[in-house]
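Here the structure is laid out as structure tokens; the discussion comes afterwards.
The values are calculated or read from the model by the stated rules, or taken from the named source; none is laboratory data. None of the values given here were measured: they were computed from a predicted structure. Virtual Cβ from ideal backbone geometry, glycine too; neighbours counted across all protein chains shown.
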Amino acid sequence: MTGTTPKKGAAPISEIGSETRLALFRMQLELRLCEKRAYDLFLQNLIKGTSHLSLGQEAIAAGFGVAMRPDDWTFCTYRGHAHTLARGASMTGVLGELMGRECGLLGGKGGSMHLTDVSKGAMGSYAIIGAHLPIAAGAAWSAQYRGTEQVAVCFFGDGTTNIGAFHEALNFSVIWKLPVIFVCENNLYMEYTPISAVTAVEHPAADRAAAYNLERVVIDGNDADEVYRTATKFMNRARQGGGPALIEAMTYRHSGHSRADPAQYRPKGELEQWLERDPIKIYRERLLELGMVEATLRDIEEEVTAQVNEATEAAKASAAPDLAGIHQHVWADGGAAWRN
Amino acid sequence: MAELTYREAVAAGIAQEMARDDRVVFLGEDVAHAGGVFKATVGLLDQFGPLRVRDCPISEQAILGAAMGAAMTGLRPIAEIMFSDFLAVCWDIVANEIAKSRYMTNGQVSVPLVIRTANGGGSRFGAQHSQSVENWAMAIPGIKVVAPAFPADVKGLLAASIRDEDPVLFFEQKSLYSFKGEVPDGEYVDELGKARVLRQGKDCTIVALALMVHRALEAAEILEREHGISCTVVDVRSLVPLDTVTILAEVARTGRLVTIEENPRLCGWGAEIASIIADECFWELDGPIIRITTPHIPLPSADRLEDNTIPSVARIVQEISQRID
């Protein structure tokens, strides 16, 4: 523990109130049901291209999403639907983008792997492994330089720990003491290959922390409370000038790497084991143990289901993007002209 | 007007912009305490302090990534990549991240930054510290490409690049760093995307960039004096945006186009200009387009080899005098 006092609307460290717990439950459910809907829409061929689902990993996005200040920044990967939604991006905007519709967050120009909503602090989904770690560090530098106490949070997978940008960004952030939190979502597989088969250490992120003078942090990424507490602790420290953190959150993706991957490389029984530890399942059980009323949870489930249905219909009703957009926004003047 | 070297003009341009806008920050390897390996940024640390002028580890991806993240969130960073060949180390950040983010996010993300880099040959540094790579940058939609030939343009175009809302790759030709020239006093800001006609002739239009502008001017003197060939010389200054209006007009006036390029031949910037001229100015041409380039080889190191690789004044004179009469 850092022993520091939270300020400026940051969450308290020790106790999680029931309002926050319900927010964590609701958010995990939103991420889950929206992602499941994305999968269904694929099967109906309403979503083209590829997509990288984070079914099973919702507790990490939700834990941070609830703990972050509205003006904090998220940088995530191509597996970024949940992280973008967790900052409050519109579900219609996300589903619309996946479906290539006008209402999409990016007007159909980015697609599944680049979801961004700057107005919500969702500063982009990056599809080149490792690239966004230094970019997040740069945002943190900007916050430090301007003295705003904002924090940049950067999510990435276990596979990212073996690319150069990971190491450059960590060293850079530590020497400049930047307010950036690096969150490795270790779902055990880089893509199709087990991360253990291609990595020199057992914990691909945490076991490298010492090389950058950072503490070794491994948490249960399927426990939204643990994620929330960890997020709050390290974000508070970063806001007060304590510098970066590297967190390895253990989790598991229920589906394959991408749309093309049925994940047949997984040992028999592994998925079933992790389904027992489904973050939403365990969180629901915990809320009931803590005395929440079943009807309250059911109401939330019904509300979120309705929300996803509504967003789906709105996205379906949206037109295909206007062709004029092809030549827009290459440059700040709104156009694409490279000559006079 | 004061006489400054090309390298002094770099520092003058940065200092001018840092003094007027505290969002401007500067980072790179050995740029602060050492003042840059080419001494182009001497004095900036003393003038603006360690929060704005920052030394970085040898981490080109981190340098450009940090510059991008800072630019996206309200700063206007200038990042130095020591040698332009090193851009290959961090090309993902340039080509996939900085250049594409505005478009991919439908205009949500803005990346106003400048990447300064020492480009080109003439210093006997060999192929990994001498290549002329402006044509790499020109091939990427979403990034502006500037390459000044004179100290005044260094200051004025650097200031314009820093103020620009779009990312700019700013190529400084390293063998020009000690070249001296008049630079306007006081605040001086030029405009991106404007070529400059340095001399006008009637027989051919030479279009050149950076170091090649100086060789073109020298060659034009010799061609006039010894061969009676009168040349227009256009300094392109900015490849993106490209001032095709000036180039088309000057080619139409003489009926001939010669490009002089330091980049290796294939897909050099002159090929794009040749294509535009062939497309839009064909009937004004009196003869074939001539491209004088570095051959399509990595640059050799030895002075005798390097001097016979990059277009020289003698080679320019020879090729033009043989092919234009």
(Q) Checking the structure you have, find out if any residue of region A:295-309 is surrounded by 12 or more Cβ atoms within 10 Å (Cβ to Cβ), basic (Lys, Arg) and either more than 14 Å from chain B (Cβ to nearest Cβ) or on the phi < 0 side of the Ramachandran plot (or both). (A) no
Picked from region A:319-340 (must be touching a helix residue (DSSP H, G or I) at 6+ places or on another chain (Cβ under 8 Å) and either of a type in the set (A, V, I, L, M) or away from every other protein chain (no Cβ under 14 Å) (or both)), the residue surrounded by the most Cβ atoms within 10 Å (Cβ to Cβ) is A:330
Only one of (1) surrounded by 19 or more Cβ atoms within 10 Å (Cβ to Cβ); (2) assigned to a strand (DSSP E or B) does not apply to residue B:182, and that is (1)
Test: residue B:258 is surrounded by 20 or more Cβ atoms within 10 Å (Cβ to Cβ), at pLDDT 95 or above and more than 21 Å from residue B:133 (Cα to Cα): no
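Yes or no, residue by residue, for (1) aromatic (Phe, Trp, Tyr); (2) away from chain A (no Cβ under 14 Å):
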site	(1), (2)
B:153	no, yes
B:156	no, yes
B:171	yes, yes
B:176	no, yes
B:180	no, yes
B:185	no, yes
B:194	no, no
B:199	no, yes
Subset of region A:58-86, residues within 19 Å of residue A:225 (Cα to Cα) and more than 9 Å from the chain's Cα centre (by Cα), comes to A:59, A:63, A:66, A:67, A:68, A:69
Over region A:189-213, the set of residues surrounded by 17 or more Cβ atoms within 10 Å (Cβ to Cβ) and either assigned to a loop (DSSP other than H, G, I, E, B) or aromatic (Phe, Trp, Tyr) (or both) is A:189, A:190, A:199, A:203, A:204, A:205, A:212
- Message: For region B:95-106, check the following and say yes or no: at least one residue is within 13 Å of another protein chain (Cβ to nearest Cβ), surrounded by fewer than 22 Cβ atoms within 10 Å (Cβ to Cβ) and farther than 20 Å from residue A:335 by Cβ.
- Response: yes
Within region B:156-215, the residues that are acidic (Asp, Glu) and farther than 26 Å from residue B:122 by Cβ are B:164, B:165, B:166, B:185, B:187, B:191, B:203
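Please work out if residue A:209 is within 14 Å of another protein chain (Cβ to nearest Cβ) and at pLDDT 95 or above.
No, not satisfied.
In this structure, is residue A:125 more than 7 Å from chain B (Cβ to nearest Cβ) and free of Cβ contacts under 8 Å to residues at least 12 places away in the same chain?
no
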Over region A:88-119, the set of residues more than 13 Å from chain B (Cβ to nearest Cβ) and within 17 Å of the chain's Cα centre (by Cα) is A:88, A:90, A:91, A:94, A:95, A:98
Margin query: So for region B:102-110 (the condition being in contact (Cβ under 8 Å) with a residue 24 or more places away in the chain and outside any loop (DSSP other than H, G, I, E, B)), does at least one residue qualify?
Written below: yes
Going through region A:214-235 in order, the residues found to be in contact with a Ser or Thr (Cβ under 6 Å, 6 or more places away or on another chain) and surrounded by fewer than 24 Cβ atoms within 10 Å (Cβ to Cβ) are A:219
Residues that are at pLDDT 95 or above and within 14 Å of chain A (Cβ to nearest Cβ): does region B:211-226 have at least one? no
In region A:277-301, anything within 24 Å of the chain's Cα centre (by Cα) and free of Cβ contacts under 8 Å to residues at least 60 places away in the same chain is listed as A:277, A:281, A:285
When region B:232-289 is checked residue by residue, the ones that are away from chain A (no Cβ under 14 Å) and part of a loop (DSSP other than H, G, I, E, B) are B:255, B:256, B:265, B:266, B:267, B:268, B:285, B:286, B:287, B:288, B:289
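Only one residue in B:149, B:88, B:127 is in the same structural domain as residue B:62 (by TED's automatic domain parsing), farther than 30 Å from residue A:72 by Cβ, of a type outside the set (Val, Ile, Thr) and part of a helix (DSSP H, G or I). Which one?
B:88
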Checking B:51, B:75, B:45 in turn, the sole residue that is at negative phi, free of Cβ contacts under 8 Å to residues at least 60 places away in the same chain, crowded, with 21+ Cβ neighbours inside 10 Å and aliphatic (A, V, I, L, M) turns out to be B:75
Within region A:165-188, residues being crowded, with 24+ Cβ neighbours inside 10 Å, aliphatic (A, V, I, L, M) and part of a helix (DSSP H, G or I) number 3
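Let's see how each residue does on (1) exposed (fewer than 15 other Cβ atoms within 10 Å of the Cβ); (2) over 17 Å from the mean Cα position of the chain (by Cα):
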| site | (1), (2) |
| --- | --- |
| B:230 | no, yes |
| B:234 | no, no |
| B:243 | no, no |
| B:252 | no, yes |
| B:305 | yes, yes |
| B:315 | no, yes |
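Specify the residue that is surrounded by the most Cβ atoms within 10 Å (Cβ to Cβ); the eligible residues are those in region A:128-149 that are farther than 19 Å from residue B:61 by Cα and more than 8 Å from every other protein chain (Cβ to nearest Cβ).
A:144
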